[in-house]
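I have placed the structure first, in the form of C-alpha coordinates, so that the comments after it can refer back to it.
The values are calculated or read from the model by the stated rules, or taken from the named source; none is laboratory data. Keep in mind the model is a prediction, meaning the values are calculated, not measured. Quick reminder, even Gly has a Cβ in these numbers, built from the backbone with ideal geometry, and neighbours come from all protein chains shown. Each accessible area value is taken on the protein alone, full model and side chains, heavy atoms only, with ligands, DNA and RNA left out. Shrake-Rupley method; radii C 1.70, N 1.55, O 1.52, S 1.80 Å.
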Amino acid sequence: MNSLDTVKSILSKRGVDVSKLKEDDSLQELGLDSLDLVEVMLEIEDALNVEFSSNEIASLNTVKDVAELINSKKA
(Lines give C-alpha, C1' and ligand atoms only; values in the text may rest on other atoms or scores of the structure.)
Protein backbone atom coordinates (compact mmCIF):
# COMPACT_ATOMS: atom_id res chain seq x y z
CA MET A 1 0.00 0.00 0.00
CA ASN A 2 1.46 3.36 -0.98
CA SER A 3 1.29 6.48 1.17
CA LEU A 4 -1.74 7.96 -0.55
CA ASP A 5 -3.65 4.69 -0.19
CA THR A 6 -2.81 4.63 3.51
CA VAL A 7 -4.12 8.18 3.92
CA LYS A 8 -7.30 7.33 2.00
CA SER A 9 -7.88 4.21 4.08
CA ILE A 10 -7.59 6.09 7.37
CA LEU A 11 -9.67 9.04 6.17
CA SER A 12 -12.42 6.72 4.98
CA LYS A 13 -12.69 5.33 8.53
CA ARG A 14 -13.39 8.89 9.66
CA GLY A 15 -16.29 9.32 7.24
CA VAL A 16 -14.45 11.12 4.45
CA ASP A 17 -15.70 10.21 0.95
CA VAL A 18 -12.40 9.13 -0.59
CA SER A 19 -13.88 8.15 -3.96
CA LYS A 20 -13.36 11.71 -5.21
CA LEU A 21 -10.33 12.54 -3.07
CA LYS A 22 -7.55 14.46 -4.81
CA GLU A 23 -4.03 15.10 -3.58
CA ASP A 24 -4.57 18.86 -3.57
CA ASP A 25 -7.69 18.66 -1.37
CA SER A 26 -7.41 20.77 1.75
CA LEU A 27 -7.59 18.85 5.01
CA GLN A 28 -9.89 21.55 6.41
CA GLU A 29 -12.23 21.21 3.42
CA LEU A 30 -12.42 17.50 4.20
CA GLY A 31 -13.75 18.42 7.63
CA LEU A 32 -10.60 17.77 9.65
CA ASP A 33 -9.85 20.21 12.44
CA SER A 34 -6.49 20.25 14.22
CA LEU A 35 -7.52 17.56 16.70
CA ASP A 36 -8.83 15.31 13.92
CA LEU A 37 -5.57 15.75 12.05
CA VAL A 38 -3.52 14.74 15.09
CA GLU A 39 -5.70 11.65 15.53
CA VAL A 40 -5.31 10.74 11.84
CA MET A 41 -1.55 11.16 12.04
CA LEU A 42 -1.41 8.98 15.18
CA GLU A 43 -3.27 6.26 13.27
CA ILE A 44 -0.78 6.60 10.42
CA GLU A 45 2.12 6.37 12.88
CA ASP A 46 0.68 3.15 14.29
CA ALA A 47 -0.08 1.68 10.87
CA LEU A 48 3.35 2.43 9.37
CA ASN A 49 5.59 2.41 12.44
CA VAL A 50 6.81 5.97 11.85
CA GLU A 51 6.82 9.06 14.06
CA PHE A 52 5.85 12.66 13.32
CA SER A 53 6.67 15.76 15.34
CA SER A 54 3.95 18.20 16.33
CA ASN A 55 5.59 20.81 14.09
CA GLU A 56 5.42 18.46 11.11
CA ILE A 57 1.75 17.76 11.75
CA ALA A 58 0.97 21.46 12.19
CA SER A 59 2.48 22.24 8.78
CA LEU A 60 0.14 19.88 6.90
CA ASN A 61 -2.48 21.51 4.69
CA THR A 62 -3.36 19.05 1.92
CA VAL A 63 -3.67 15.32 1.36
CA LYS A 64 -0.49 15.56 -0.73
CA ASP A 65 1.38 17.13 2.22
CA VAL A 66 0.45 14.13 4.35
CA ALA A 67 1.55 11.63 1.68
CA GLU A 68 4.85 13.45 1.15
CA LEU A 69 5.56 13.52 4.89
CA ILE A 70 4.90 9.79 5.09
CA ASN A 71 7.22 9.18 2.14
CA SER A 72 9.99 11.23 3.76
CA LYS A 73 9.75 9.12 6.92
CA LYS A 74 9.72 5.84 5.03
CA ALA A 75 12.76 6.71 2.92
* Which of the residues that make up segment 50-66 are open to solvent by 50 Å² or more (accessible area, probe 1.4 Å), in a helix (DSSP H, G or I) and within 19 Å of Leu21 (Cβ to Cβ)? -> Lys64
* Asked: Of the residues that sit in segment 7-45 and are over 21 Å from Glu56 (Cα atoms) and among the β-branched types (Val, Ile, Thr), which one is least open to solvent (accessible area, probe 1.4 Å)?
  -> Val16
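Please pick out the residue among Leu4, Leu32, Leu37 that is among the hydrophobic types (A, V, I, L, M, F, W, C) and part of a loop (DSSP other than H, G, I, E, B).
Working: Leu4 fails: part of a loop (DSSP other than H, G, I, E, B); Leu37 fails: part of a loop (DSSP other than H, G, I, E, B).
Going through Leu4, Leu32, Leu37 in turn, the sole match is Leu32.
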